[in-house]
Amino acid sequence: MSSNSEQIVKILSTHWVKYARPLSMYIILTGACFLLFMLAGELAEGTPIALHGVLFTAMIMLYLVNHWFFHKLLSEAMEDIIITNQRVIWLKESLFIQDDMRQIPLNRIRGVEAHKRGIRQTVLHYGTIWFDTGGTGSQDINATIEFVPHPNDIARLINHNITPE
Amino acid sequence: MVIAAFIAVQIVSLSITLLFIQQYKQISLKHIRLLHSIDDSKYPHCKIHSSVIVWIYTIVMITLTIGMSVLFYSFPNLDL
């Protein structure tokens, strides 16, 4: 435990819906790769150059699709939101591309708003939370966290711990 | 020539997998250290998700490497 009596209130990650788009893209692209393999099978009786070309294209594409997909999944999974009794820490990482850490001290926060917009967000219980630190708008990406599961509960939890200056 | 190109593609692919796993471990360790500086009994949420994804990634890439080798060597009329 740290000496300044900082205590963790909640640790959470963003909602699983963030995986839906990469997964659907992965299924489509993998399907395209298998179509190329089938085309290579059709070309087996034809010229070797065309066969090699299509086979290597399919193989390289399949590898690239898999690396892209797992890179995307791992990057999305490396997102953490840590709420303590003194600050909110938001870690967003993407392998070799992004390394962001945002810390908002609770005594700087005037209020927290939760937004759920659309049928999907309402049904799947996720949304955006916005930190009003005075001078930030609800569209400011530095003051908003997207894909937060149960944003109303999280906003209530943070508001409960806020001790304004 | 064809075999050399095939082996090169396999090696590059496996190297990318190892690089991603290495990077994942570094990021994961960073999150754990940050969290342990506040409370050493807690673990980050990302650790659970990403561990499962890394295991699936490893299994998929090994399966793909073996599968591609079998396909490549058993493909009809492939002039090696």
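Readers should treat all values here as calculations from the given coordinates under stated rules, not as data from a laboratory. Note that the coordinates shown come from a computational prediction; the quantities given were computed from them, not determined experimentally. Here Cβ is always computed from backbone atoms with ideal geometry, including for glycine, and neighbour counts include all displayed protein chains.
Quick notes on this structure:
- Number of positions in the range B:1-28 that are among the hydrophobic types (A, V, I, L, M, F, W, C), touching a residue at least 12 places away in the same chain (Cβ under 8 Å) and more than 27 Å from B:TYR43 (Cα to Cα): 4
- Out of B:ILE38, B:ILE27, one residue alone is at the interface with chain A (Cβ under 7 Å from one of its Cβ atoms), surrounded by 18 or more Cβ atoms within 10 Å (Cβ to Cβ), assigned to a helix (DSSP H, G or I) and β-branched (Val, Ile, Thr). It is B:ILE27.
- Filter pass, A:TRP68 being touching a strand residue (DSSP E or B) at 6+ places or on another chain (Cβ under 8 Å), surrounded by 13 or more Cβ atoms within 10 Å (Cβ to Cβ) and more than 9 Å from chain B (Cβ to nearest Cβ): no
- Taking the range A:95-165 as the region of interest, the strands (runs of 3 or more DSSP E) fully inside it that hold 1 or more residues being under 21 Å from the mean Cα position of the chain (by Cα), surrounded by 15 or more Cβ atoms within 10 Å (Cβ to Cβ) and among the polar types (S, T, N, Q) are A:126-132, A:144-149.
- Residue check for B:PHE20: over 17 Å from A:SER13 (Cβ atoms) and in contact with a His (Cβ under 7 Å, 6 or more places away or on another chain): yes
- Filter result for A:ASP99 (touching a Pro at 6+ places or on another chain (Cβ under 8 Å) and under 23 Å from B:ILE27 (Cα atoms)): no
- Qualifying residues in the range A:37-64 (those that are more than 10 Å from chain B (Cβ to nearest Cβ), of a type in the set (A, V, I, L, M) and over 16 Å from B:ALA5 (Cα atoms)) - the one surrounded by the most Cβ atoms within 10 Å (Cβ to Cβ): A:LEU39
- Search result, residues across the range B:1-24 that are of a type in the set (Val, Ile, Thr), under 22 Å from A:HIS67 (Cβ atoms) and within 7 Å of chain A (Cβ to nearest Cβ): B:VAL9, B:ILE16
- Only one entry in B:THR63, B:THR58 is under 12 Å from the mean Cα position of the chain (by Cα) and loosely packed, with under 13 Cβ neighbours inside 10 Å, namely B:THR63.
- Single residue of A:GLU93, A:GLU79 found to be touching an Asp or Glu at 6+ places or on another chain (Cβ under 9 Å) and in contact (Cβ under 8 Å) with a residue 60 or more places away in the chain: A:GLU79
- Listed by first and then second residue, the pairs linking a residue in the range A:5-22 that is more than 10 Å from chain B (Cβ to nearest Cβ) to a residue that is assigned to a helix (DSSP H, G or I) and of a type in the set (Asp, Glu), with Cβ atoms under 9 Å apart and 6 or more places separating them unless they lie on different chains, are A:LYS18/A:GLU76; A:PRO22/A:GLU76.
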